[in-house]
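S.K.: One structure coming up, written as structure tokens, with questions to follow.
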Amino acid sequence: MAYGENDPLSIFKNIYSTILLIFSVICIHGLIFTKQTGLSENQPIIALVLLWVGIFWLSMIEGGQASHVGLAPIDEELFKDSHPTTYKITHFCNKGDNLDRYLLGRQFGVIFVVFCINLSGGPIADADLWGLPGWVQQIFFGTGFAMILFTCMVGQLNTQVNASICMIDFINNYISLFTFWCCMVVEFVGIVHSSYAIQLAIGQMAGKPIQSREAPKTGIVLLFFWARVLFSFALLGFSLTVTIAALIDGKTTMWEGVPVVVSLILFFGLMSVVGMLEGMQIAFFYVAKLSEEERGSNSWANRTCNLLYNKRNGLNLPGFMIGRQLCVVSCFFIVARVVTHSLEEGETNVLGLPDVVQNFLNLGFQGALITTILASITWQLVAGAFPIAFLSTP
């Protein structure tokens, strides 16, 4: 029997993890029906429906990524008859640079869905439920721990693990097909197209130019591509400017007493950690279906692959995804504290911006855009282009 499945420590961890999840789910629903979440203050039923629709769709997006990336090296003709919907998706996804386009749209889609989930189930300030002890409410509500557990375990981890093992089966349905096309549409809009330019620059600096699987862009297609890149850079530049200005002026939700320099270091440091974790996930999926010969001779890459795929009967890959997801969500929570705008009554707007713009920035979308581009998509694209190289470091 494989280590880690039924030993006493694993059984204990499974039990207390399940108890924490059940408690978190009950508390979140209690907050919704007592109208103590953002959306439920006016419409608790709508908040409940949106919460579960968001969780379900998030699970499809997260599991879909594992399947699409893992099946990229596989000839889709092998499952054309047995899994027709999977064939339809992969046949288009594996054409040209469509996989990169999917990953781009998928990441922004995840953030949008998570925002809707938090809007529906995230507790308002000073939420008080059923007379629970103050320390319990601070841990589960004040820090957002209940929403982190619920979102990670129900909306992300379970489908990531299942899809990593059953890649072909997971996306053999029309919901996955619909989700795939939604991600492609998001990419087409161009909000995060600056990631492509960053990817190209990194490839040039590394002496390994990005090799496109499509013919070079020309004419109106090339013009449209770079127009979207400039549009994305403009949004990213504006977001970084207002975020740094707010940090310097002390107009964010960062914990009191933390110096500005520490806040900036924490912000960019955590984004680097998230980027490494995001890139590692993509690289692991890419090399999962490669033979030992195809993985090359680099000692670090081979040690990583051996630990990941050959130990504990392959359970280390799902185990990595569980730990990675919790680390990423925890980093996102801290980053959100650093970048979210918070103005006291009577304070002037950041950089003297109009009230309508400041009210929009108070929602935190600028932080989401920065994190999506600089801490997620760019690293994923680089890891997808150089998966073995990405794993060839300590």
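The values are calculated or read from the model by the stated rules, or taken from the named source; none is laboratory data. Note that the coordinates shown come from a computational prediction; the quantities given were computed from them, not determined experimentally. Just so you know, the surface numbers come from the protein's heavy atoms only, side chains and all, with ligands and any DNA or RNA stripped out. Shrake-Rupley method; radii C 1.70, N 1.55, O 1.52, S 1.80 Å.
S.K.: With all distinct Cα pairs included, what does the Kirkwood hydrodynamic radius of region 5-79 come out to in Å, to one decimal, could you say?
M.R.: It is 15.7 Å.
S.K.: Rounded to a whole number, what is D in µm²/s for region 46-116 from Stokes-Einstein with the Kirkwood radius over alpha-carbon pairs (25 °C, 0.890 mPa s)? Display every interim value, and only then the final one.
M.R.: Working: Rh = 13.3 Å.
Here the translational diffusion coefficient equals 184 µm²/s.
S.K.: Treating the Cα atoms of region 28-164 as identical point scatterers in vacuum, please give the log10 of the normalised Debye intensity I(q)/I(0) at q = 0.10, 0.12, 0.19, 0.21 Å⁻¹, two decimals.
M.R.: -0.44, -0.58, -1.02, -1.16
S.K.: If I compute solvent accessible area with a 1.4 Å probe over the protein chains, what percent of it on region 73-182 is carbon and sulfur?
M.R.: Carbon plus sulfur share of accessible area: 66 percent.
S.K.: In region 80-239, what is the volume of the convex hull around the alpha carbon atoms, normalised per residue and reported in Å³?
M.R.: Expressed per residue, the convex hull around the Cα atoms of region 80-239 is 184 Å³.
S.K.: Just need the Rg to Rh number for region 157-248, please, alpha carbons only, Kirkwood Rh.
M.R.: Rg/Rh for region 157-248 comes to 1.09.
S.K.: Based on the Kirkwood radius over alpha-carbon pairs, what value in µm²/s does the Stokes-Einstein equation return for the translational diffusion coefficient of region 95-142 at 20 °C and 1.002 mPa s?
M.R.: 158 µm²/s
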